[in-house]
Amino acid sequence: MSERGEIKYPQRAGQLRDFSGLLYGRITPTDIDGLIEYQDRAYVLIELKMTGVRLPYGQRLALERMCHDWIRAGKQVLLIIAEHNTPTEQSIDVASTTVVEYQYNGITKTGDNCTTKSLIDRFLEYVNRTL
């Protein structure tokens, strides 16, 4: 039995996804590397990039619009853009990735070299205090 958060089928996670048949004008599907829905009150979105790789404009726009929709619905929202330099043959320890930037309820801030885990912990502590 695997632990919560572990990938159950790593061989499937490595499968490439071909979205070429889902082209709508210049729009194709994007992915989200992590999502936490917290007690019907908050969302955390996590997008990971290799160190130095920028988030593509279309992916940024899609993530930001999704966040704004949740904010309008009355949810607290944290969008994290984090980076790593993990070799492809190793699993990425998402908790220890370095936050490059984040958006809290639509306001963008730099990551100040904090980890993804520490930022999520602070966010959820705040959400719990605002019951």
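Throughout, read-outs are computed from the coordinates displayed, never taken from laboratory work. Note that this is a predicted model, so its numbers are computed, not measured. When we count neighbours, we look across all protein chains shown, and the Cβ atoms used for this are built from the backbone with ideal geometry, even at glycine.
Observations on the structure shown:
- Test: residue in the range 84-92 that is among the aliphatic types (A, V, I, L, M), surrounded by 15 or more Cβ atoms within 10 Å (Cβ to Cβ), assigned to a loop (DSSP other than H, G, I, E, B) and at negative phi: yes
Table: residues versus (1) surrounded by 10 or more Cβ atoms within 10 Å (Cβ to Cβ); (2) touching a Leu at 6+ places or on another chain (Cβ under 7 Å); (3) not small (Gly, Ala, Ser).
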position	(1), (2), (3)
Ile7	yes, no, yes
Glu37	yes, no, yes
Arg41	yes, no, yes
Glu47	yes, yes, yes
Gly52	no, no, no
His68	yes, no, yes
Leu78	yes, no, yes
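- Subset of the range 83-104 [under 13 Å from Lys117 (Cα atoms) and among the small types (Gly, Ala, Ser)]: Ala95, Ser96
- Checking every residue in the range 60-70 against the condition of being at positive phi and in contact (Cβ under 8 Å) with a residue 24 or more places away in the chain gives zero matches.
- Applying a threshold of 7 Å to beta carbon distances and a minimum spacing of six or more residues, or different chains, the list of pairs starting in the range 112-123 at a residue that is under 12 Å from Val100 (Cβ atoms) and ending at one that is loosely packed, with under 14 Cβ neighbours inside 10 Å reads Thr115/Ala95; Thr115/Ser96; Thr116/Ala95.
- Qualifying position, being among the acidic types (Asp, Glu) and touching a strand residue (DSSP E or B) at 6+ places or on another chain (Cβ under 6 Å), among Asp33, Asp69: Asp33
- Any pair with Cβ under 6 angstrom, 6 or more apart, that starts in the range 82-105 at a residue that is closer than 15 Å to Ile120 by Cβ and ends at one that is among the hydrophobic types (A, V, I, L, M, F, W, C) and assigned to a loop (DSSP other than H, G, I, E, B): Val99/Cys114
- Members of the range 93-116 found to be in a helix (DSSP H, G or I), within 12 Å of the chain's Cα centre (by Cα) and surrounded by fewer than 20 Cβ atoms within 10 Å (Cβ to Cβ), listed by number: Val94, Ala95
- Filtered residue count, the range 16-51, keeping only those that are in a loop (DSSP other than H, G, I, E, B), more than 27 Å from Asp69 (Cα to Cα) and within 20 Å of the chain's Cα centre (by Cα): 2
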